[in-house]
Amino acid sequence: MTSSANKGAVLSAPLQGFTTRVWRAAHASVFGGVQVYYAPFMRVEHGAIREKYITEVQREGDVPNLVPQVLAGTPIEMRLMVTTLRDMGHRRIDINLGCPHPPVALKGRGSGLLARPLELENMLHALAAIDDVTYSVKMRLGWDDETQWRRVLPMLQLINPVSVVVHPRIGRDQYKGVLRINQFESLLSEATCPVVFNGDITSQQQAHDIMARYPELAGVMVGRAMVSWPHRFAPESLELRQAYCDFHRLLLEGYAQRLQGGPHQLLTCMKAQWALLLPDADRRARKAIAKARDMGQYEQAVTALLSSL
Ligand SMILES: Cc1cc2nc3c(=O)[nH]c(=O)nc-3n(C[C@H](O)[C@H](O)[C@H](O)COP(=O)(O)O)c2cc1C
């Protein structure tokens, strides 16, 4: 697997509902240009891991450079997920310390853990005791205070992370507002492990500019823009219409195979992809996709949109 600590690496961020197994395969086949794909988090519900989370990160048939992610609120949950993933053959696992969703964070999960250092420390001890895995961490600066990272960062040495991806906002910011760059720079100067920047990157040029501005970075991670305009991060220039036709067909075929709920479920899933995909494409065609009542109407609307590219 390519290490995320490679200089200049562009990593694909985890986006629950978007960067699925189906998306990763389609993306890698049509666009590429990504050194590591982070899978959206898995979690424990009522003491167990739902089958859908396991299927999503089975290694067979997925991209080889995949890192699964866990979102946990207790050492027991951490242990269950990490040992399960390890037994599936994963050797590198990402710890989610960034999720800003209040129902998650207020229960001491995701970015909520950044405000609960004692609980976090217990979890890190539990992780450090598991053999045969290495960790990375994906974090924000804090939950409700942009300096909370100061207590957390030294603690992360307990698990000796391969890299720490930092989204320079706090949980309370959700995904909006100006990035807190001053705090990010302080964090970067104090970090003893490789740091990856994540936040609001919308082009390859921007990715290069950030890496030029902070040469000590191990790479950048791109989330929403990678889902919205994947061609922008492709290593070579592509014939846009053909690339998006191929990509869409792979998504459609992949989800048709993956989902068990028939055409209605497929339609709902495909429409949801367009919440982020090509947001500046022809407005009328996008509206027609949102309004499609069956797969026939949907495919017609997509054809119209793609031919307008
Ligand atoms: C719909 C959505 C789902 C997300 N799911 C996850 C997730 O499962 N795990 C995670 O660590 N971050 C998740 N994130 C955060 C992204 O990985 C990323 O950190 C964030 O979007 C900022 O990067 P960007 O500005 O490049 O999009 C999610 C973000 C969005 C918008």
If you take the residues in the range 41-51 that are within 15 Å of the ligand (Cβ to nearest atom) and assigned to a loop (DSSP other than H, G, I, E, B), which one is farthest from Phe197 (Cα to Cα)? Arg50
Do we find that Arg172 is within 16 Å of the ligand (Cβ to nearest atom) and surrounded by 16 or more Cβ atoms within 10 Å (Cβ to Cβ) in this structure? yes
Any residue at all in the range 201-212 that's modelled with pLDDT of 95 or more, surrounded by 16 or more Cβ atoms within 10 Å (Cβ to Cβ) and closer than 28 Å to Ala126 by Cα? no
Quick one: is Pro100 farther than 26 Å from Gly261 by Cβ, under 17 Å from the mean Cα position of the chain (by Cα) and either modelled with pLDDT under 95 or not assigned by TED's automatic domain parsing to the domain that holds Val133 (or both)? no
With the first residue restricted to the range 158-186 and required to be assigned to a helix (DSSP H, G or I), and the second required to be among the polar types (S, T, N, Q), Cβ contacts under 9 Å at 6 or more apart or on different chains are Ile159/Thr134; Gly171/Ser111; Arg172/Ser111; Gln183/Thr147; Ser186/Thr147
Before we move on, is Arg59 of a type in the set (Lys, Arg) and either in contact with a strand residue (DSSP E or B) (Cβ under 7 Å, 6 or more places away or on another chain) or more than 16 Å from the ligand (Cβ to nearest atom) (or both)? yes
Out of the range 13-40, which residues are within 16 Å of the ligand (Cβ to nearest atom), in contact (Cβ under 8 Å) with a residue 60 or more places away in the chain and outside any loop (DSSP other than H, G, I, E, B)? Arg21, Val22, Trp23, His27, Tyr38
Taking into account only those residues within the range 179-200 that are touching an Asp or Glu at 6+ places or on another chain (Cβ under 9 Å) and not polar (S, T, N, Q), which is surrounded by the most Cβ atoms within 10 Å (Cβ to Cβ)? Val195
Out of all the residues in the range 231-252, is one or more without any contact (Cβ under 8 Å) to a residue 12 or more places away in the chain, away from the ligand (no atom under 15 Å from the Cβ) and part of a helix (DSSP H, G or I)? yes
Taking the range 196-217 as the region of interest, how many residues are more than 13 Å from the ligand (Cβ to nearest atom) and farther than 19 Å from Gly32 by Cα? 8
For the range 106-120, which residues satisfy the criterion of being more than 12 Å from the ligand (Cβ to nearest atom) and under 21 Å from His167 (Cα atoms)? Leu106, Lys107, Gly108, Gly112, Leu113, Leu114, Ala115, Arg116, Pro117, Leu120
If I filter the range 257-277 for residues that are assigned to a loop (DSSP other than H, G, I, E, B) and touching a Gly at 6+ places or on another chain (Cβ under 6 Å), do I get at least one hit? no
Condition (residue is part of a helix (DSSP H, G or I) and touching a strand residue (DSSP E or B) at 6+ places or on another chain (Cβ under 7 Å)) applied to the range 284-304: is it met by at least one residue? no
Test: Ala48 is in the same structural domain as Gln206 (by TED's automatic domain parsing) and out of contact with any Gly (no Cβ under 6 Å at 6 or more places or on another chain): yes
Going through the range 37-50 in order, the residues found to be farther than 15 Å from Asp87 by Cα and surrounded by fewer than 19 Cβ atoms within 10 Å (Cβ to Cβ) are Glu45, His46, Gly47, Ala48, Arg50
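The values are calculated or read from the model by the stated rules, or taken from the named source; none is laboratory data. These figures come from a predicted structure and were not determined experimentally. A quick note on method: Cβ atoms are made from the backbone with ideal geometry, for glycine too, and the neighbour counts reach across all protein chains shown.
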